[in-house]
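**Student:** Quick one: this structure, given as C-alpha cells, is what I'll be asking you about.
The values are calculated or read from the model by the stated rules, or taken from the named source; none is laboratory data. Everything numeric here is computed off the predicted structure, so don't read it as measured data. Using ideal geometry, Cβ is built from the backbone for each residue, glycine included, and neighbour counts are taken over all protein chains shown. Just the protein is used for accessible areas: all its heavy atoms, side chains included, with ligands, DNA and RNA removed. Shrake-Rupley method; radii C 1.70, N 1.55, O 1.52, S 1.80 Å.
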Amino acid sequence: MANKGPSYGMSREVQSKIEKKYDDELEERLVEWIIVQCGSDVGRPDRGRLGFQVWLKNGVILSKLVNSLHPDGSKPVKVPENPPTMVFKQMEQVAQFLKAAEDYGVTKTDMFQTVDLFEGKDLAAVQRTLMALGSLAVTKNDGHYRGDPNWFMKKAQEHKREFTDSQLQEGKHVIGLQMGSNRGASQAGMTGYGRPRQIIS
C-alpha cells in the first residue's frame, strides 16, 4: 500500500464530508456489542475513528464477530491463531468477513469496501455494515445474538399470504377504486360535439 499524502481542494472537501458521517455515539454502541458478542478477550479500542480503525483493521475481530452469529459446527470464516501482520493477509481476512456477512443476509448496499476500513477512507460505511449485521442478528432471533436487542432496529419481516384459487378468481372480478368509478356520472347538460356553446345574455 502506498502512503498517501494530504489531500487538497475538492478531494479534501469530499473526504471531510465523509468523515463527518462518522458517529462517535454509534462507535461506542458497536464496540459494546462486539465485546459482548465475542467476549472480553477482543480488548477495547482507543476512542475515536483511528482507534476503531486500528482495532478492526486486521479483520480478526470482524471474523470472530460473524462467526459468533453461527452455530458451533458451521463457522463461515477461519480465524488464524496469530493475527496476520502482512497487509494482503489482513485485507484477505476483512474480505472473508464481508463475504460471510453477505451470506448472512447483509445487502450489498450496506457493505463497506475493504479499503474503507484498511485505509480509513470511509469508517461510517464500516459502521453501517456492522449496524446492518446487528439488525439482522436481532431480527433472526435464533439464539446466537448476545447483547441488548434495543441496540439495533429489527428489520421488517416478510408477511406472506396464502390465497385459495377461488379467492384469486373472485379478486379478478373486483374493480379497484384506483381505476375510478362511473357511479353518478351522466351526460346531462352536455352538448353535441362541434356545436358552439350557447351563451344567452
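**Student:** Collect the residues in the range 23-68 that are touching an Asp or Glu at 6+ places or on another chain (Cβ under 8 Å) and under 15 Å from ALA95 (Cα atoms), keeping them in residue-number order.
**Tutor:** If the condition is that a residue be touching an Asp or Glu at 6+ places or on another chain (Cβ under 8 Å) and under 15 Å from ALA95 (Cα atoms), then GLY59 is the only one that fits.
**Student:** Here's another thing I want to ask about it. Quick one: MET10 ticks every box in (1) at pLDDT 90 or above; (2) open to solvent by 20 Å² or more (accessible area, probe 1.4 Å); (3) among the aliphatic types (A, V, I, L, M) bar one, so which box is it?
**Tutor:** Just one mismatch for MET10, condition (1).
**Student:** Within the range 141-155, can you find the residues that are open to solvent by 100 Å² or more (accessible area, probe 1.4 Å) and either over 15 Å from the mean Cα position of the chain (by Cα) or small (Gly, Ala, Ser) (or both)? Outline the logic, then answer.
**Tutor:** Looking only at the range 141-155, we keep the residues that are open to solvent by 100 Å² or more (accessible area, probe 1.4 Å), and these are 141, 146, 150, 153-154.
Hits for the range 141-155 are ASN141, ARG146, ASN150.
**Student:** In the range 109-123, how many residues are open to solvent by 10 Å² or more (accessible area, probe 1.4 Å), touching a residue at least 24 places away in the same chain (Cβ under 8 Å) and in a helix (DSSP H, G or I)?
**Tutor:** Step one: of the range 109-123, the residues open to solvent by 10 Å² or more (accessible area, probe 1.4 Å) are 109-111, 113-116, 118-122.
Of the ones still in play, those that are also touching a residue at least 24 places away in the same chain (Cβ under 8 Å) are 118-122.
Then keep just the ones that are in a helix (DSSP H, G or I); that gives 118.
Residues that pass the stated criteria total 1.
**Student:** Scan the range 125-140 and give yes if some residue there is over 14 Å from the mean Cα position of the chain (by Cα) and modelled with pLDDT of 75 or more, otherwise no. Full working, then the answer.
**Tutor:** Here is the first cut: in the range 125-140, the residues over 14 Å from the mean Cα position of the chain (by Cα) are 140.
Pick out the ones that are also modelled with pLDDT of 75 or more and you get 140.
Within the range 125-140, one or more residues are over 14 Å from the mean Cα position of the chain (by Cα) and modelled with pLDDT of 75 or more.
Conditions (1) in contact (Cβ under 8 Å) with a residue 40 or more places away in the chain; (2) surrounded by fewer than 13 Cβ atoms within 10 Å (Cβ to Cβ), marked per residue:
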site: VAL66; (1), (2): yes, no
site: ASP72; (1), (2): no, yes
site: LYS78; (1), (2): no, yes
site: PRO84; (1), (2): no, no
site: PHE88; (1), (2): no, yes
site: GLN93; (1), (2): no, no
site: GLN96; (1), (2): no, no
site: GLU102; (1), (2): no, no
site: THR107; (1), (2): no, yes
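**Student:** Now, a different point. In this structure, does VAL31 turn out to be among the β-branched types (Val, Ile, Thr) and modelled with pLDDT under 90?
**Tutor:** On the way: among the β-branched types (Val, Ile, Thr): yes; modelled with pLDDT under 90: no.
Taking the combined requirement at face value, the residue does not satisfy it.
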